[in-house]
Each structure stands twice: as C-alpha cells, then as structure tokens.
Amino acid sequence: MTTHSKLSPSARHRWGVCAASVREEAKYPSRPSGAAAIDGTHSHTLLEKCINDGKTASDFVDQTLKDHDGEFKVDADRAERVQFALDYVSGCVGTVMSERRVHPDALVGRNDMSGTVDIQIVTDTNLEIIDYKDGMNPVVAKDNHQMEQYAVGAIAEMQTQGKLAPLYVTCTIIQPKLRMKGLTGIDSHTYTLGELMVIKDKMVAEAAATDAPDAPYNPGESQCKYCAHGGACTARTTQALSTAGITFANLEVVEQTASKEPTTMTDKQLREVLEAAPLLRQMIEAAETEALRRFEAGQEIDGLKAVRGRGSRSWMYEDDVMEDHLKKAGIPKSAMYKTSVITPAQIEKVRWSKRDGTVCQVTPAKLLQLQETCIKKSEGKIQIVASADPRPSVTLSAAALFGAVSSDLPSFLL
C-alpha cells in the first residue's frame, strides 16, 4: 500500500488521542520508510502473492519480487515467517481476500479514514480481519485502535455492497517472530456487531475533534513517540516539565532541575519526576532530531550548533591486506584474530549458507530447546516504574519478611 488516509487506521493510536497531531504533522514532509518498515513491506508483498497465486512461501525462495519499497530476494527466513501466516489462514473456513482497502465512509460520514487490511476471511456469521506484523514487540488484538478501525471499515464495505453484516468480527494479529520468545505468535479478540457500533461512535467523535482549527493537544508517551511534531511540540515539553515540577518561569531550567535535591523530595515528588522521565527522554530525543533537521535544511538556531562526536576507528583495508601490515609490524597471526561463541541474542539472527547456496537459520523449536537447556538468565537491573507496570514488584527490604514478635513467647525469647 502506498497511499495513507489523513486519519489512517495505523495512526489512530495518535490522532484518536491527540487531535492536534493531525494539524501539526501536516507541517512536515513525509519521512522515508526505515529498514524495519521496508522489511515488513516485503513480507506483506510475499504474503499477498502467495494467497493470490495459491502457492506456498517456499515456492518463491531465491526469487526476486518487487513492491513500492524496491526489489528484494526472498530468502528462507522470510518464507518461513510468511508460511506461518499462510498455515493459519489455510486452517480457517471462509472466503479469503488479501490486501483489500476498506472504507468506513458509510458508517462514519467522512472519506479520510480508509485503510488496507492484510487478510479478510468471511463466513455467514463471522468476519475475521488479520494483520501480519514482522516485529518482535508483542501487539495485542483486544482494544487495538488500528484493528478496530479496520473492522468498522470492513463492515461498512459489506453494507455498501448490500451484504448482510456478520454477527461477529474477529481481529487477529500474526507475529511469527514472537515464537522466538516462546509465544504463540497469534493473538485474537472477537467483537460483537453491537460492540463495534459503539466503537464506531467513538471513532466519529475522535475524528471530528481533529477538524477543529484549535484541535487540542494531549501529549503522552505512546502518541508522541513517533509524531513528526514531537521535537517542536510545546504542549509535550510543558507537560513533561510541569509533571516533574519544573517550570520556565524566570527561567534556567537546568538550575531548577539541579536545585531539586532528591533526598529532600517527598514520595509524591519522586513519583512525579520518575513518571515524567520516559516522556522527558522522548522529548529530548525528538528535540535533537528536529534541531538536526533544521540545520540540515540550512536554518540556524540561536545558541545551538551541530558538531561531530569522537567517531570510531577502523582499518582502511580488508582483513587479508591488514594481516600483511600487522605481520610487518611484528604482530603474530595468533594475536591478530579473536574468536568467541555467539551470544544467546545473536543466535536468533545468525544465518549461514549450505554448499548449494541455501540460507539457513536456527528453527524456533531449536531456539526453545536451547533456551531450556543451555541458556541461563541473570536478574535484570532494578528499575523504578509506575505501579501500573505489569511486571511483579521486587522486595528490596527484608523488613517485610519479619513480623512482630509475639508476646506469648517464653520470656527468654523476648
């Protein structure tokens, strides 16, 4: 898919929460796709071709395909991931449609909210919407803004075509790489038609809020993370600093921050500062990115300049040439090279080629076996997070392990 609606499903997590983001992001040029996005596009292209041609993913290994992000050669790794999705689809009953654009216009009363669904599977009573993702960060189907908008769009399409809407809509996310983490790689949630109509009304209100010339800001960690306006958003900066108890009044922010001696802070002040930390880090990173963009565009920023860091050092020549240079410098070959076993993290990405040119990798089953038999995991570094964080809390003080001594004990034990 090369076109994006103004209120696209994939960006609803942003515009549905911060109405001002639509107005502000329109000020910036479109950003080129990153390496991960391009890789995901290639997998979607292979998935679509397999479904449309009725073939398995392995049928395309070593073939060169092309999409709007360029040409790519299908390797065994990509084919295995895509085949995982195809196996799921083949186990479903119903009419399968691939890469269909859905328009919720008829239900939402506007034409700027369409999106392209990876796979739809239709039966008389159920519509399943499948979104394929190539990332490693788990995405859940329930309360997923993108999937909800796809679902409303698909229902609207069916009604426009005079078809009877199904009683249920199942949203399914397929993430093959999650199997490397011991997860199933598939997550689903089913909505009733009535539930989707309630969500539709919420979407209509969210979209209407973006139309106002003074659409309000609502900064937050998730909606600000990839927002193009992040580095220049005063609402985001003000909220982050205000939450931490820092203001711009009479100014020097650095002095105000330094004057907050942690040992004198109340528990409430500590919590506010640490809760604001992720947003502050994002704000600083985004501000640096925006400043660099302006410098690259030939603009000047009073009080700032761009400089180069220390950089890194590397040899000017290939290893075989450097080997000769190092020998002449008196260094024996045994001291030139270092070898070590790859790490548990590296084993998930390692690839090797057989004599026939076939590219191989460790299978998910073997990865799980190695995790159970050969990998030990050290305890992570203690972190301070919000109480809402799903991870279990750690007991740091031994005091909680000991209760008060009972007065019923013998006197010599008291």
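Coordinate-derived values only; no laboratory data. Because the structure is predicted, anything quoted here is derived from the model rather than measured. Note that we place each Cβ from the backbone using ideal geometry, even for glycine, and neighbour counts take in every protein chain shown.
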Exercise for the section: Report Rg(Cα)/(2.2 N^0.38 Å) for the chain, keeping two decimals. Expected result: 1.26
Handout entry: Leading residue at positive end of dipole, region 51-156 (Cβ point charges), from Val61, Val93, Asn126
Key = Asn126
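Calculate, in nm to one decimal, what Leu292 and Asp53 gain on full extension: separation in residues at 0.36 nm each, minus their alpha carbon distance.
Length gained between Leu292 and Asp53: 81.5 nm.
Based on the Cβ-Cβ distance from Leu326 to Trp352, what FRET efficiency comes out when R0 is 41 Å, to the nearest 0.05? Don't skip to the end; give the middle numbers.
On the way: r = 27 Å, r/R0 = 0.67.
The pair Leu326/Trp352 has a calculated efficiency of 0.90.
Suppose only helical runs count, i.e. DSSP H with n ≥ 4. What mean residue ellipticity at 222 nm does that imply for the chain under -39500 (n - 2.57) per run, divided by all residues and rounded to the nearest 500 deg cm²/dmol?
Details: 15 runs with 161 residues, N = 414.
Mean residue ellipticity at 222 nm (helix-derived): -11500 deg cm²/dmol.
Report the extension gain between Leu167 and Ser334 in nm, rounded to one decimal, defined as 0.36 nm multiplied by the number of residues separating them, less their alpha carbon distance.
Numbers: separation 167, 0.36 × 167 = 60.12 nm, distance 7.07 nm.
My answer for the length gained is 53.0 nm.
For Ser312 and Val139, compute 0.36 nm times the residue count separating them, minus their Cα-Cα distance, and round to one decimal in nm. Mind showing how you got there, number by number?
Numbers: separation 173, 0.36 × 173 = 62.28 nm, distance 3.64 nm.
Between Ser312 and Val139, full extension yields an extra 58.6 nm.
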Exercise for the section: List every residue whose amide H lies under 5 Å from the amide H of Arg100, counting only residues 5 or more places away in sequence or on a different chain, with H placed 1.01 Å from N in the peptide plane. Expected result: Val117
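Mind scanning Lys6/Lys202; Lys181/Lys381; Lys133/Lys225; Lys73/Lys376; Lys225/Lys381 and naming the pairs with a C-alpha gap bigger than 27 Å? Mind showing how you got there, number by number?
Details: Lys6/Lys202 17 Å; Lys181/Lys381 20 Å; Lys133/Lys225 19 Å; Lys73/Lys376 36 Å; Lys225/Lys381 24 Å.
With Cα atoms farther than 27 Å apart: Lys73/Lys376.
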Exercise for the section: Go ahead and collect, in residue order, the members of region 16-33 whose backbone nitrogen is under 19 Å from a label point 7 Å along the Cα-Cβ direction of Asp112. Expected result: 16-31
Completion exercise
Taking every DSSP bridge whose two residues both lie in the chain, the antiparallel percent to the nearest 5 is 75 percent
Fill in the blank from the handout: Of 21-27, 297-303, 341-347, 38-44, ordering from highest average Cβ density within 10 Å down gives 38-44, 21-27, 341-347, 297-303
